[in-house]
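A.B. asks: One structure is given below, represented as structure tokens, and several questions about it will come after.
The values are calculated or read from the model by the stated rules, or taken from the named source; none is laboratory data. Since the model is a prediction, treat every value here as computed from it, not as a measurement. Backbone-built Cβ (ideal geometry, glycine too); neighbour counts: all protein chains shown.
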Amino acid sequence: MTEIRLVQGDELLTSALPLSAYAFYASPRPTDMEHWQRLVKDREAWRIHVAFDAGQPLATASVIPMTQNVRGALLPMGGVAHVATHPTARRKGYARTLLLRVLEDMYEQGQVVSALYPFRPSFYQRFGYAGLPKPAQARFNPRQLARWIRQPDQAFDDVTLSSLADGFKDFWTLLTVLQRDQHGMALRDPAATGSLLERERWLALAHRDGTVVGALPYEITHFGGQLVADGLFSIDLRARESLLRWLAHHTDQVTEVALQVPADARPELWHIDLDVTVERVISTPLQNAPMVRVLRPEGLNGLVVGAGSVDVAIQDETLPAAGGRFRLSSQDGRLEVTRGGEGTVALTPSGFAALVYGVLDPEEVVHHGWGVFDAEAQQALRTLFPPATPHLFESF
């Protein structure tokens, strides 16, 4: 008989961690117990579920507590990660049973939304998730930014260099500021960031009047190679250009900068005559775009939306508590969700998530088979949930 329960502490070493290590790491390899013990400590705030059969761990899934900006409202979010099944238990329904319990648990914990990175999007779509646009990678030669080196220093913010570990507190403070304005941006609890610090990265920080206004975490592959940056984070144009100037100072050291940018970024407009390649690669299972779903429709109160109102019926078979009829209305530009109404618009959880996050037009939702409603209702939904481009930021 299958038993699903939460696992913590040293029991992770004999259950969840071996399953996820086999699924996601190179193997076989010697067990680095010191590394695994650090993972146990780093995951104290996680809710790690394990499915056992006859006492043997066969499948696992973790939920990382986070917050996410959804249309201007900061909501509790569950980041689903490390979903893994032992080879002997695959294709036998263990993962499905486990994920149904994970959805229930996130709902019970009060999390309003959830996000994950799928191994195959169609699998998680069956659990009510909808896709987000994937961030892009911009590549260019820093030599093309060289004219900024000759600009007077007072036109730019001061930039300092440290390791990611040494500057992490300032970096994280900046991210929390940026999250307030970035739709879709998720951040984990600071107590669960230990594994991030194991990555060896430089961190360039832009300072203005004693405040960090920009950050650039990166590594250099080799002399004459690439400078690979996790992102360029800035509160305004001056901070961004200060960090681009920092990149320009690497002319003749590296031949290419590879920089992750949000899906709606336009790096080709950052600088005149900048030759830049911007691309997004979608490839199963390693390079899929993230996915999201709504766990508690009533928890969406306060989202910044357009005008109007509409009654929806959400048919949620994987999380029945999240289904039902709801009236969605705009009150002074903020969403108000109440149970009840006529339910004239039928939606699947995936269709509802796609509308809330602004990634699909209502007509596309119908085309995908994620909703049934007429042209008048399409226009009402289009007005209430105008298009938006979320940037999840966190990877997990």
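A.B. asks: When only residues in segment 284-316 that are of a type in the set (S, T, N, Q) and assigned by TED's automatic domain parsing to the domain that holds Ser350 count, which is nearest to the chain's Cα centre (by Cα)?
C.D. replies: Within segment 284-316, the subset of a type in the set (S, T, N, Q) is 284, 287-288, 301, 309, 315.
Next cut, assigned by TED's automatic domain parsing to the domain that holds Ser350 only: 301, 309, 315.
Numbers: Asn301: 21, Ser309: 29, Gln315: 25 Å.
Taking the candidates together, the pick is Asn301.
A.B. asks: Condition first: polar (S, T, N, Q) and in contact with an Asp or Glu (Cβ under 6 Å, 6 or more places away or on another chain). Now tell me which residues in segment 302-337 satisfy that.
C.D. replies: Within segment 302-337, Ser329 is the sole residue that qualifies.
A.B. asks: I'm told Glu342 meets every condition in (1) part of a loop (DSSP other than H, G, I, E, B); (2) buried (at least 17 other Cβ atoms within 10 Å of the Cβ); (3) out of contact with any Lys or Arg (no Cβ under 7 Å at 6 or more places or on another chain) except one. Can you identify the failing condition by its number?
C.D. replies: All conditions pass for Glu342, except number (2).
A.B. asks: Can you find a residue in segment 165-186 that is assigned to a strand (DSSP E or B), within 27 Å of Ala115 (Cα to Cα) and within 23 Å of the chain's Cα centre (by Cα)? Explain how you work it out, then say what you get.
C.D. replies: First, pick out the residues of segment 165-186 that are assigned to a strand (DSSP E or B): 186.
Within this subset, residues satisfying the condition of being within 27 Å of Ala115 (Cα to Cα) are 186.
Now restrict to residues that are within 23 Å of the chain's Cα centre (by Cα): 186.
Within segment 165-186 (the criterion being assigned to a strand (DSSP E or B), within 27 Å of Ala115 (Cα to Cα) and within 23 Å of the chain's Cα centre (by Cα)), the answer is yes, since at least one residue qualifies.
A.B. asks: Can I ask one more? Select from segment 90-115 the residues that are in contact with a Pro (Cβ under 7 Å, 6 or more places away or on another chain) and under 16 Å from Trp46 (Cα atoms) and list them in ascending order. Lay out the reasoning, then the answer.
C.D. replies: First, pick out the residues of segment 90-115 that are in contact with a Pro (Cβ under 7 Å, 6 or more places away or on another chain): 110-112, 115.
Answer for segment 90-115, where residues must be in contact with a Pro (Cβ under 7 Å, 6 or more places away or on another chain) and under 16 Å from Trp46 (Cα atoms): Gly110, Gln111, Ala115.
A.B. asks: List pairs: first residue in segment 38-67 and within 23 Å of Gln111 (Cα to Cα) and in contact (Cβ under 8 Å) with a residue 60 or more places away in the chain, second residue of a type in the set (Lys, Arg) and part of a strand (DSSP E or B) anywhere in the structure, Cβ distance under 9 angstrom, at least six positions apart or on different chains.
C.D. replies: Ala45/Arg188; Ile64/Arg47; Ile64/Arg188; Pro65/Arg47; Pro65/Arg188; Met66/Arg188; Thr67/Arg188
A.B. asks: Within segment 348-367, work out how many residues are under 16 Å from Asp316 (Cα atoms) and in a loop (DSSP other than H, G, I, E, B).
C.D. replies: Quick first cut of segment 348-367, residues under 16 Å from Asp316 (Cα atoms) only: 348-356, 365.
From what is left, the residues that are in a loop (DSSP other than H, G, I, E, B) are 348.
Of the residues in that region, 1 qualify.
A.B. asks: Here is a check on your reading of the model: is Ala204 outside any helix (DSSP H, G or I), closer than 21 Å to Arg147 by Cα, touching a helix residue (DSSP H, G or I) at 6+ places or on another chain (Cβ under 8 Å) and in the same structural domain as Phe140 (by TED's automatic domain parsing)?
C.D. replies: Working: outside any helix (DSSP H, G or I): yes; closer than 21 Å to Arg147 by Cα: yes; touching a helix residue (DSSP H, G or I) at 6+ places or on another chain (Cβ under 8 Å): yes; in the same structural domain as Phe140 (by TED's automatic domain parsing): yes.
Yes; evaluated as a whole, the condition is true for this residue.
A.B. asks: While we're here: Taking Glu336 and the conditions (1) within 21 Å of Asp105 (Cα to Cα); (2) in a strand (DSSP E or B), which numbered condition does it fall short on, given that it satisfies the others?
C.D. replies: Glu336 satisfies all of (1) within 21 Å of Asp105 (Cα to Cα); (2) in a strand (DSSP E or B) except (1).
A.B. asks: Looking only at segment 375-390, count every residue that is outside any helix (DSSP H, G or I) and in contact with a strand residue (DSSP E or B) (Cβ under 9 Å, 6 or more places away or on another chain) and tell me the total. Outline the logic, then answer.
C.D. replies: The first filter runs over segment 375-390 and keeps only residues outside any helix (DSSP H, G or I), leaving 385-390.
From what's left, in contact with a strand residue (DSSP E or B) (Cβ under 9 Å, 6 or more places away or on another chain): 385, 390.
Counting residues in segment 375-390 that are outside any helix (DSSP H, G or I) and in contact with a strand residue (DSSP E or B) (Cβ under 9 Å, 6 or more places away or on another chain) gives 2.
A.B. asks: If we keep just the residues of segment 212-236 that are farther than 19 Å from Asp157 by Cβ and buried (at least 18 other Cβ atoms within 10 Å of the Cβ), which is nearest to the chain's Cα centre (by Cα)?
C.D. replies: Residues of segment 212-236 that are farther than 19 Å from Asp157 by Cβ, as a first pass: 219-228, 230.
When the remaining residues are screened for being buried (at least 18 other Cβ atoms within 10 Å of the Cβ), the result is 227-228, 230.
Details: Leu227: 23, Val228: 20, Asp230: 14 Å.
Of everything passing the filter in segment 212-236, Asp230 is nearest to the chain's Cα centre (by Cα).
A.B. asks: Is it true that Arg139 is assigned to a strand (DSSP E or B) and either assigned by TED's automatic domain parsing to the domain that holds Gln226 or closer than 30 Å to His250 by Cα (or both)? Give the derivation first.
C.D. replies: Details: assigned to a strand (DSSP E or B): yes; either assigned by TED's automatic domain parsing to the domain that holds Gln226 or closer than 30 Å to His250 by Cα (or both): yes.
Criteria met by Arg139.
A.B. asks: Anything in segment 156-190 that is more than 24 Å from Arg47 (Cβ to Cβ) and free of Cβ contacts under 8 Å to residues at least 24 places away in the same chain? List them, or say none. Spell out the reasoning first.
C.D. replies: Our first condition is that a residue be more than 24 Å from Arg47 (Cβ to Cβ); within segment 156-190, this holds for 156-171, 173-174, 177-178, 180-183.
Correct list: Lys169 only.
A.B. asks: I need the full set of residues from segment 142-164 which are among the small types (Gly, Ala, Ser) and not in a helix (DSSP H, G or I), in order please.
C.D. replies: Start the filter on segment 142-164 by keeping residues that are among the small types (Gly, Ala, Ser), which leaves 146, 155, 162-163.
If the condition is that a residue be among the small types (Gly, Ala, Ser) and not in a helix (DSSP H, G or I), then Ser162, Ser163 are the ones that fit.
A.B. asks: Just wondering, is there one or more residues in segment 369-381 that are among the charged types (D, E, K, R) and either crowded, with 18+ Cβ neighbours inside 10 Å or under 27 Å from the mean Cα position of the chain (by Cα) (or both)? Walk me through it before giving the result.
C.D. replies: Quick first cut of segment 369-381, residues among the charged types (D, E, K, R) only: 374, 376.
Restricting the remaining residues to those that are either crowded, with 18+ Cβ neighbours inside 10 Å or under 27 Å from the mean Cα position of the chain (by Cα) (or both) gives none.
No, segment 369-381 has no match at all.
A.B. asks: Restricting segment 237-252 to residues that are surrounded by fewer than 19 Cβ atoms within 10 Å (Cβ to Cβ) and in contact (Cβ under 8 Å) with a residue 24 or more places away in the chain, which is farthest from Pro142 (Cα to Cα)? Full working, then the answer.
C.D. replies: Going residue by residue through segment 237-252, those that are surrounded by fewer than 19 Cβ atoms within 10 Å (Cβ to Cβ) are 237-238, 249-252.
Now drop any that are not in contact (Cβ under 8 Å) with a residue 24 or more places away in the chain, which leaves 238, 249-252.
Values: Arg238: 18, His249: 8, His250: 7, Thr251: 5, Asp252: 9 Å.
Restricting to residues being surrounded by fewer than 19 Cβ atoms within 10 Å (Cβ to Cβ) and in contact (Cβ under 8 Å) with a residue 24 or more places away in the chain, the top hit is Arg238.
A.B. asks: Sort through Val310, Val305 and tell me the only one that's at pLDDT 95 or above and out of contact with any Lys or Arg (no Cβ under 7 Å at 6 or more places or on another chain).
C.D. replies: Working: Val305 fails: out of contact with any Lys or Arg (no Cβ under 7 Å at 6 or more places or on another chain).
When all the criteria are applied, what remains is Val310.
A.B. asks: Separate question: Which pairs turn up if I take residues in segment 115-141 that are within 14 Å of Met185 (Cα to Cα) and look for partners that are of a type in the set (Val, Ile, Thr) with beta carbon separation below 7 Å, at least 6 apart in sequence or on another chain?
C.D. replies: Filtered contacts from segment 115-141: Ala115/Val292; Leu116/Val80; Leu132/Val292; Leu132/Val359; Pro133/Val359; Pro133/Thr389; Lys134/Ile282; Pro135/Val261.
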